[in-house]
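The values are calculated or read from the model by the stated rules, or taken from the named source; none is laboratory data. Just so we're clear, the structure is a prediction, and the values are computed from it rather than from any experiment. Neighbour counts are summed over all protein chains in view; Cβ atoms, including those assigned to glycine, are modelled from backbone coordinates with ideal geometry. All accessible areas refer to the heavy atoms of the entire protein, side chains included, with ligands and DNA or RNA removed. Shrake-Rupley method; radii C 1.70, N 1.55, O 1.52, S 1.80 Å.
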Amino acid sequence: MNSQLKGFREFLLKQNAVALAIGVIIGAAMGRVVSGLVDDVLMPILGVIMPGGEWRNAQITLSGANAIKYGDLAGRMLDFLIVALVVYFVAKAILEKPAPPSPDTKICPQCLEVVPAAARRCRACTSQLA
């Protein structure tokens, strides 16, 4: 039994299953936060702008109880768009590359030769460098 638990632990660590699980949990929580933002902040504003108020309930009745619920579809698409934008901006902020280090070279203004940054004279035209 102990070897089974040890093997399972190694599997979780080797396959990054724990990191994936954490990502899924955080993603689900982020989705709920964004859905709350959409439902509680954006939709009331859109409800005031759109005639009829509850635009998520908009539908085209076909016959009897059958209907095309285009308002619900539009709401879900808006939810997805907002979630996708939030995830994009968060990922971009986290994964943004740091600024490159200052270059170890500079360019001679007279002959455009690349010289070391510490040089006082250009090696090609021997002009003074600042």
Quiz item: Name the chymotrypsin sites (Phe, Trp or Tyr not before Pro) in region 70-130 that are in a loop by DSSP and that have at most 12 other C-beta atoms within 10 Å, would you?
Solution: none
Self-check item: Of M43, I82, Y70, farthest towards positive along the dipole that unit charges on Lys, Arg, Asp, Glu beta carbons give the chain
Solution: I82
Quiz item: In whole Å, how far is the Cα centre of region 106-130 from that of region 62-100?
Solution: 54
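Rounded to the nearest percent, how much of the accessible area of the chain (1.4 Å probe, protein heavy atoms only) is carbon and sulfur?
So the carbon and sulfur contribution to the accessible surface is 66 percent.
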Quiz prompt | Accessible surface, the chain, averaged per residue in Å² (probe 1.4 Å) | solution = 82
Practice problem: Keeping to pairs on different chains or 8 or more places apart, tell me how many lysine pairs in the chain have Cα atoms under 27 Å apart. | Solution: 4
Practice problem: For A130 and A91, compute 0.36 nm times the residue count separating them, minus their Cα-Cα distance, and round to one decimal in nm. | Solution: 9.9 nm
Self-check item: Three-way shape label, the chain, alpha-carbon gyration tensor, a/c 1.5
Solution: oblate
Quiz item: Helix hunt in the chain: which complete DSSP H runs extend at least 24 Å axially by C-alpha with mean Kyte-Doolittle at least -0.5?
Solution: 17-37, 70-95
Exercise. State, to one decimal in nm, how far the label point of N66 lies from the label point of Q15, with both points 7 Å from Cα in the Cβ direction.
Key: 4.5
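Multiply the residue separation of A29 and L46 by 0.36 nm, subtract the distance between their alpha-carbon atoms, and state the gained length in nm to one decimal. Each step should come with its number before you reach the end.
Details: separation 17, 0.36 × 17 = 6.12 nm, distance 2.44 nm.
That pair, A29 and L46, stretches by 3.7 nm at full extension.
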Quiz item: What is the chain's relative contact order, in percent, from Cα pairs under 8 angstrom and six or more apart in sequence?
Solution: 11
